[in-house]
Amino acid sequence: MPTLHRVLYPTDFSARSAVALAHALDLAAPLGAEIHVLHVAEEGSLTQQRHVPHELERNLTVRMREAVNAELHMLHYKALKDLKLFYHVRGGQPADEILAFAEAKGADLIVLGTHGRRGVRRLVLGSVAEAVMHNAPCPVMVWPGGSASRSIARIVVPMDFSLHAEAAFAHAKGLASVYGASVALLFVAEERTVPLFSDTGVPAVTTLKLHPAAIAQAEAALRQLNANTPGPPGPVSYHVRVGSPAREILTFAQDRSTDLIMMGTRGLEGLQAWLGSVADRVLRSAPCPVWTINAAVTKRAAQAEKHETALQPEAA
């Protein structure tokens, strides 16, 4: 897990934002990281511009400080003087401004809550959390509701052997070492129902399944992945399920009283993005916070590692 220097905590003053602050504190405070509290004002014409009138900015900053202090009081947080808190107000579209701020400040992690809207508006328009999750320049931790437990003792990492999922596992190993947590690697052999078309005109469907030999080898592949992934040693368990990935991940997390799901998101585009990725579907119903790493973050990390390797002197 990379060192956290700057954690971005966007807030809309909702109850879910307040609980997300608790998670931001738990991650940032022990490492001495800065916490940047950001509110994006959408009042009237402010959705089209970043400039916020001075009086409104001052009022919103005061409100942010009061909200944060109230939450700290409820959490019985003792080390107030040691917290590095900074407050910011922007105008504009929330997702756009959160992403721009994270890029400009070099945020190492974004922690936010989501309203968890349902229905057509929720599926088609998406949410701020999902837009941030897919496009952030750093990992994103979202608290979608459910258990408000702040302890991290059990981490689940869904694994499809993509670079993004493997990057999530590397983060999980580092985080688990800080909290003394266990990590459960979960592979779901997807079963997908698809339509069949024939000259008869009679509609039919079939189920696509992964070959049984591949399923049988999945646990061995998970063990090998753990051996090949750098990071502190710690308890790792291996699990294989068959079915719908999102549904199996959610069921597994619920049954295990999971404290955190860490997973990659592929940043799908077009029709697949409209239908929603596995990460989106997990986020909408997760019983605990969800930590995601998108393709851009994985690419940046790979480029940084390549650059660092190139700068190292060659062995004599």
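Bear in mind that the values in this text are calculations on the coordinates, not laboratory data. If you're wondering where the values come from, they're calculated on a predicted model, not measured in any experiment. Cβ sites come from the backbone with ideal geometry, for glycine too, and all protein chains shown count toward neighbours.
The modelled label-to-label distance between residue 178 and residue 26, using points 7 Å beyond Cα along the C-beta direction, is 1.2 nm.
3J(HN,Hα) couplings calculated from phi for region 235-243 with the Karplus curve 6.51 cos²θ - 1.76 cosθ + 1.60 (θ = phi - 60°) are, in sequence order, x, 10, 10, 10, 9, 10, 10, 10, x Hz; Gly and Pro show x. Near residue 142: Cβ cut-off under 12 Å, other residues only, Lys/Arg at +1 and Asp/Glu at -1. The net charge is 0. Amide H contacts of residue 41 (H built 1.01 Å from N, in plane; Pro and chain starts excluded): 90, 91, 92 sit under 5 Å, all sequence-distant by 5 or more or on other chains. Rounded to the nearest 0.05, what FRET efficiency is calculated for residue 285 and residue 84 with R0 set to 41 Å and r the Cβ-Cβ distance? E(calc), rounded to 0.05, equals 0.75.
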